[in-house]
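To keep things clear, I will list the structure first and then write my remarks on it.
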There are 2 protein chains.
Amino acid sequence: MKKAPTAPTTPVKIAYHHGDLRRSLLDAALGLVATHGVQGFTLREAARAANVSHNAPYRHFPSRTHLLIELAIEGQGHLLKALQSAVARSADHRERLVRLGIAYMEFAMAHAAHFRVMFSSDVARNRTGELKAAQDTTFRFFESELLSSEQAGLMHGGTVQQNALVGWSALHGAAMLVLDGVLDNTAVAARRKPREIAKVVIESLLTGILVR
Amino acid sequence: MKKAPTAPTTPVKIAYHHGDLRRSLLDAALGLVATHGVQGFTLREAARAANVSHNAPYRHFPSRTHLLIELAIEGQGHLLKALQSAVARSADHRERLVRLGIAYMEFAMAHAAHFRVMFSSDVARNRTGELKAAQDTTFRFFESELLSSEQAGLMHGGTVQQNALVGWSALHGAAMLVLDGVLDNTAVAARRKPREIAKVVIESLLTGILVR
DNA sequence: CAACGATGTTGACGCCGTCAACTTGTCGCG
DNA sequence: CGCGACAAGTTGACGGCGTCAACATCGTTG
């Protein structure tokens, strides 16, 4: 009813009925989360945005929550890539750590929808093994960066794991507080850009961790 | 139909029909959030728990979100009190800061439902001035504690406001990550109690901030 | 070319938040 | 003492939601 039968509009690979509904739904969901928040996201609205019936999503995701979990896994992958590439351009250990912190904060701001889904509590509550694994990988990347610094003789206190915990916590907390606007009325963060907040946080952490 | 007309069961103040429905609804909501999460909380279920009709809550809260906001304000008050009383029992500045950090983490664990509501994103999205003010007060308490330490000549780097930002971020991030179970698979946090995680975080922070 | 499985649709169910209209109980004022 | 106003609670309705079951369609594969 929609297309000429012998010539699909998107010529390439798989195009059963829709093209790639799974991808379209994930994209639509991301947009809806960006505008309406995680709670405001609706399966039916995502289906509408993809021009399919309200039950079509169930051919690709067992439930609304599972769609969000897929988004979260995807977001973790993007975050990991962002952190890796932020670090890649420098050989100086201290600078790598600073860039790592800034990249974390900037990812949270630039991909707020993904970030919110990744750490939304109802997703956390039904977390699958795959999502846990993705989160672990991110934490291990923090650890591996700190391990490099330690092996270079730059660390002075705490184990690598402890410092990774503190570092991740501080960056994550700052990102959350900024994202939720909790810091808007405070003197420090009022006029500062997220990038500068990240710098303050990471520099302060490094002062405590690195040798002097 | 329920009570003797001249002797209300709760003798003191106001007791129109129910006693104190507003309070009952807040309590019921807190319990529901604890068991079903913020998203799983339902106005109708809270009403059922309070033995009133599904529309009775609207005589006390303009919407579901506003009930949650009231819970969040209440929680901020409790958090502030917890932080204040944790600090009160010591005169040593360093110890006060350690206790402050531990109290933050322990509040998040012991009152997880309140804490989740306080920082749930849909509440943040519709935050009222009153909630903002309550959050500001908490931040200012962090600042005032650090200010005391600085005036005692204990600080060595960063402004009070910067250090308050970093400290709150780290504690908040750690609390969030623990609460969501993100750290469960990591080596540091696997077997540790929240209290010990808080210690690791706060000690590491103090190493960077305090004079040596 | 026929059958099969993956993909998408229709319709229904119960629950939800919210609005409007109604009832009931309480208190202040003449 | 009575009455009227107003706060508190109820009933019923509406549309939207997530999800289930049954049905329709289409590409692929034997």
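The number of residues in region B:77-114 being touching a residue at least 24 places away in the same chain (Cβ under 8 Å) and not aliphatic (A, V, I, L, M) comes to 12.
Just wondering, is there one or more residues in region B:94-109 that are within 14 Å of another protein chain (Cβ to nearest Cβ), within 16 Å of DNA strand D (Cβ to nearest atom) and not aromatic (Phe, Trp, Tyr)? So far as region B:94-109 goes, no, none of its residues is within 14 Å of another protein chain (Cβ to nearest Cβ), within 16 Å of DNA strand D (Cβ to nearest atom) and not aromatic (Phe, Trp, Tyr). A count restricted to region A:47-83 and to residues that are in contact with a helix residue (DSSP H, G or I) (Cβ under 6 Å, 6 or more places away or on another chain), more than 8 Å from DNA strand C (Cβ to nearest atom) and outside any helix (DSSP H, G or I) stands at 2.
Looking at A:113, A:56, A:91, just one residue is buried (at least 16 other Cβ atoms within 10 Å of the Cβ) and away from chain B (no Cβ under 14 Å), and that residue is A:56. In region B:165-180, the residues that are crowded, with 24+ Cβ neighbours inside 10 Å reach residues that are of a type in the set (A, V, I, L, M) and not in a helix (DSSP H, G or I) with C-beta atoms within less than 7 angstrom, at least six apart or across chains, in these pairs: B:165/A:188; B:165/A:189; B:177/B:183. Scanning region A:26-50 for residues that are away from DNA strand D (no atom under 12 Å from the Cβ), touching a residue at least 24 places away in the same chain (Cβ under 8 Å) and away from chain B (no Cβ under 14 Å) returns A:26, A:30, A:31, A:50. When region B:29-42 is examined, which residues are found to be crowded, with 21+ Cβ neighbours inside 10 Å and either of a type outside the set (A, V, I, L, M, F, W, C) or assigned to a helix (DSSP H, G or I) (or both)? Correct list: B:29, B:33, B:38.
In region B:181-212, the residue that is surrounded by the fewest Cβ atoms within 10 Å (Cβ to Cβ) out of those that are among the small types (Gly, Ala, Ser) and touching a Leu at 6+ places or on another chain (Cβ under 9 Å) is B:190. Of the residues B:128, B:159, only one is of a type in the set (Ser, Thr, Tyr) and over 19 Å from the mean Cα position of the chain (by Cα); which? From the options B:128, B:159, the qualifying one is B:159. Which condition number does residue A:104 fail, the rest of (1) under 23 Å from residue B:117 (Cα atoms); (2) surrounded by 20 or more Cβ atoms within 10 Å (Cβ to Cβ); (3) assigned by TED's automatic domain parsing to the domain that holds residue A:169 being met? Here residue A:104 meets the rest and fails (1).
The values are calculated or read from the model by the stated rules, or taken from the named source; none is laboratory data. The shown structure was predicted, so the numbers you read here are calculated from the model rather than taken from an experiment. Don't worry about glycine lacking a Cβ; one is built from the backbone with ideal geometry, like all the others, and counts go over all protein chains shown.
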